[in-house]
Amino acid sequence: QVQLVESGGGLVQAGGSLRLSCAASGLTFSHYPMGWFRQAPGKEREFVAGINWSGDSTWYADSVKGRFTISRDNAKNTVYLQMNSLKPEDTANYYCAARVSSTYYSEKAYAYWGQGTQVTVSS
């Protein structure tokens, strides 16, 4: 079965950096555009970043543009999210997902989800 496993979350001070990883199995990874979403307590899950199958097209939420970078290594079946200049408002559970339809910013476009990794940014 399809498995997406996130790692790399943790506690970091404001201004710091983290790199999240998402290892995929059970699917032909290079065929799927991928995305990162996040959900803070009491809030809806929101789109953070997306990447196409080859890695040459990326998309970002305005709130993270210029600070976060999504990338992928198809040889390792892994997608990454490099997060720099972290802010307390970035605190959330971060999820990776594999996309099966065209609307890259919509949860409904993603068929497979990981369990999430917690990121906490202290002020």
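The values are calculated or read from the model by the stated rules, or taken from the named source; none is laboratory data. In this text the structure is predicted, and so the values were computed from the model without any measurement. For neighbour counting, all protein chains shown are included, and Cβ atoms are generated from backbone atoms with ideal geometry for every residue, glycine included. Calculation scope for accessible area: heavy atoms of the full protein, side chains included, ligands and nucleic acids excluded. Shrake-Rupley method; radii C 1.70, N 1.55, O 1.52, S 1.80 Å.
Could you work out how far apart the two model spin labels at SER57 and GLU107 are, taking each label as a point 7 Å from the Cα in the direction of the beta carbon, and quote it in nm?
Each label point lies 7 Å from its Cα, and together they span 2.5 nm.
Between SER123 and GLU89, with labels modelled 7 Å along Cα→Cβ, what's the label distance in nm to one decimal, could you check?
Once both label points are built, they end up 1.2 nm from each other.
Tell me, which longest segment in the chain has none of the chymotrypsin sites (Phe, Trp or Tyr not before Pro) that fall in DSSP loops with at most 16 further Cβ atoms within 10 Å? Write out the running numbers ahead of the final one.
On the way: sites that count: TRP53, TYR105.
The longest such stretch corresponds to 1-52.
If a paramagnetic tag sat 7 Å from the Cα of ASP73 along the Cα-Cβ line, which residues of segment 1-20 would have the backbone N under 11 Å from that point?
None, by backbone N distance to the label point.
Relative contact order for the chain: what percent, with Cα pairs under 8 Å and sequence separation of 6 or more?
On the way: 303 pairs, mean separation 42.6, N = 123.
Relative contact order, the chain: 35 percent.
Setting aside same-chain residues fewer than 8 positions from LYS65, which lysines have a Cα under 19 Å from its Cα?
Leaving aside lysines fewer than 8 places away in the same chain, those within reach of LYS65 are LYS87.
In the full protein assembly as shown, how much of THR103 is accessible to a 1.4 Å probe, in Å² to the nearest 10?
The accessible area comes out at roughly 50 Å².
Placing unit charges on C-beta atoms (Lys and Arg positive, Asp and Glu negative, everything else neutral), compute the dipole magnitude of segment 1-62 about its Cα centre in debye, rounded to 20.
Taking the Cα centre of segment 1-62 as origin, the dipole is about 140 debye.
Starting from segment 3-60, pick out the trypsin sites (Lys or Arg not before Pro) whose DSSP state is loop and whose Cβ has at most 11 other Cβ atoms within 10 Å.
LYS43
Rounding to the nearest 20 debye, state how big the charge dipole of the chain is about its Cα centre with +1 on each Lys and Arg Cβ and -1 on each Asp and Glu Cβ.
60 debye
Under a straight-distance cross-link criterion of Cα-Cα below 19 Å, which lysines are reachable from LYS108, leaving out those fewer than 8 residues away in the same chain?
Candidates past the 8-residue exclusion: LYS43.
Using a 1.4 Å probe over the heavy atoms of the protein chains, calculate the carbon and sulfur portion of the accessible area of the chain as a whole percent.
Details: 2830 of 6310 Å².
C and S atoms contribute 45 percent here.
Write down the accessible area per residue of the chain in Å², having rolled a 1.4 Å probe over the full set of protein chains.
Using a 1.4 Å probe on heavy atoms only, each residue of the chain averages 51 Å².
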